[in-house]
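The values are calculated or read from the model by the stated rules, or taken from the named source; none is laboratory data. Keep in mind it's a predicted model, so treat the numbers as computed, not measured. As a convention, Cβ positions derive from the backbone with ideal geometry for all residues, glycine included, and neighbour counts pool all protein chains shown.
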Amino acid sequence: MKLNLKKTSYGIAALILLFGRYPVSWLLSSRNRNKPVPEEENNTQGQYIKSSTGNVLFVKSTGRREAQPLVFIHGINANKQQWQYLEQNFSNDYWLISIDLPGHGSSPDGRDFSIKALALDLNHILTQLNIQQPVLHGHSLGGMICQEYCKQNYLPAPKAIILQHCGYTNPLETMPFGPIPSLIQWRLIDPTLSYIARHNKFFTAMGYLAYSSGLSCLFYRLLLFKGNQSSATLRQMARSAANTTAQTAARSLMATFRFDMSKDLDKIDMPCLVIAATEDRLIAPAAGLYLHQHLNRSELAMVKGGHQSLIEYPETTIKAVQNFMIKYGIA
C-alpha cells in the first residue's frame, strides 16, 4: 500500500512538472470565450538577414508591399508573435515587417546584444529590404531600439515612431517600485545576471521546467498582465520566454541598464506616439509621460492593462495607432 502511494505521488508530481501550465494558466486567466486565441508561429513568410554586427535576425513580411511600411520590434523574452493581432488588423493597408531580435523567436543566438548594435541591425534590415520612410513600432526593448536608431540618424529616416511601454533610460530607474532596484543594481542584479549568463544551459533548462510546470505562467501573470488575457495567451508568453535562452535574456537585460536617452530626446524630430499602460509593473506610466513631454512632436495614449496590454487588450493599441496614423496622414 505504501509503495503504491509513493508511486502515485511520483506520478502526480511528474504530471504537474510536465503539464501544470494548463490548469495554472486556466485558473489565472479570463473565462471570456470571446477572447482572441493566439495563432501558431508561421515562418513561411520570412527570411534570415545577417547584420554587420554578426547578429542574424529572422524577418517576417506580410501585407501589401506597395503600401506604407510598418516595422514591429518586440521586447525581451518575446518574439514576432506578439504583433499578430495588429498584423490581422493592418495587413490590408500596410506593408508589415516583424523582426525577431537575436536569440528570440526564430533568430539564432546573438553576438552583440547592445542597443547600439540592435539599432544597427535594424538599419541593416531596412536597407537590405529597401524600405523607405518606415513607421517604427517598438515595444519595451524595441522602443529603446527605435530611440537609438533615431539618435544615430540612420537612413532611411522613419516617417514616425511608436514607443509602447518603454522608458528613456535604465529601466531600473523607471520601475514603479521606487529607487530600490537601481540601488541594488551593481551589488546584486548585475552579478546575478552575469552568473546566469555564464551558466546558460542550467538556467535555460530551469526556465523550461518553470514553463512546463506552470510556475512561469504564475510569474508572468503577476508581472505582465492584469488578468484579462486568455489562458492560451498566457501560455504563449511563457513559452516564448522559455524558448529564449537564459544567456540571451540576461545579456539583453544588462544592455538595457546602459541605455540613456534623457539628454537626446530632442534629436527625435518626427511624429511620435507614446503608449503607456495604467497598470504596467515594469515601466511606470510616468516614464511615458516624460517621453511625451520631452519629445518634440508626440502624442500620448494611456491604455488599460499591464506591460503586455499589446496582447491582453489589443483593441486599445489598435485604436491608438489608427488615430495616430489618421492624425498625421500616414497611409
Those residues of the stretch 61-80 which are in contact with a Gly (Cβ under 7 Å, 6 or more places away or on another chain) and surrounded by fewer than 24 Cβ atoms within 10 Å (Cβ to Cβ) amount to Ser61
Looking only at residues that are within 9 Å of Ala242 (Cα to Cα) and touching a residue at least 60 places away in the same chain (Cβ under 8 Å) in the stretch 192-211, which one is surrounded by the most Cβ atoms within 10 Å (Cβ to Cβ)? Tyr211
Name the pairs whose Cβ atoms lie under 6 Å apart, with the first residue in the stretch 262-279 and outside any strand (DSSP E or B), the second surrounded by fewer than 15 Cβ atoms within 10 Å (Cβ to Cβ), and 6 or more positions between them or separate chains? Asp269/Asn296; Pro271/Arg297; Thr278/Lys304
Could you pull out the residue among Gln84, Gln88 that is under 14 Å from the mean Cα position of the chain (by Cα) and surrounded by fewer than 24 Cβ atoms within 10 Å (Cβ to Cβ)? Gln84
For the stretch 177-195, does any single residue satisfy the condition of being in contact with a strand residue (DSSP E or B) (Cβ under 9 Å, 6 or more places away or on another chain) and outside any helix (DSSP H, G or I)? no
In the stretch 128-162, what residues are part of a loop (DSSP other than H, G, I, E, B) and either among the small types (Gly, Ala, Ser) or at pLDDT below 95 (or both)? Ser140, Ala157
Taking the conditions exactly as written (out of contact with any Asp or Glu (no Cβ under 8 Å at 6 or more places or on another chain) and either surrounded by fewer than 20 Cβ atoms within 10 Å (Cβ to Cβ) or in a helix (DSSP H, G or I) (or both)), does Met237 satisfy them or not? yes
Has the stretch 303-316 got at least one residue that is small (Gly, Ala, Ser), touching a Phe, Trp or Tyr at 6+ places or on another chain (Cβ under 7 Å), in a loop (DSSP other than H, G, I, E, B) and crowded, with 21+ Cβ neighbours inside 10 Å? yes
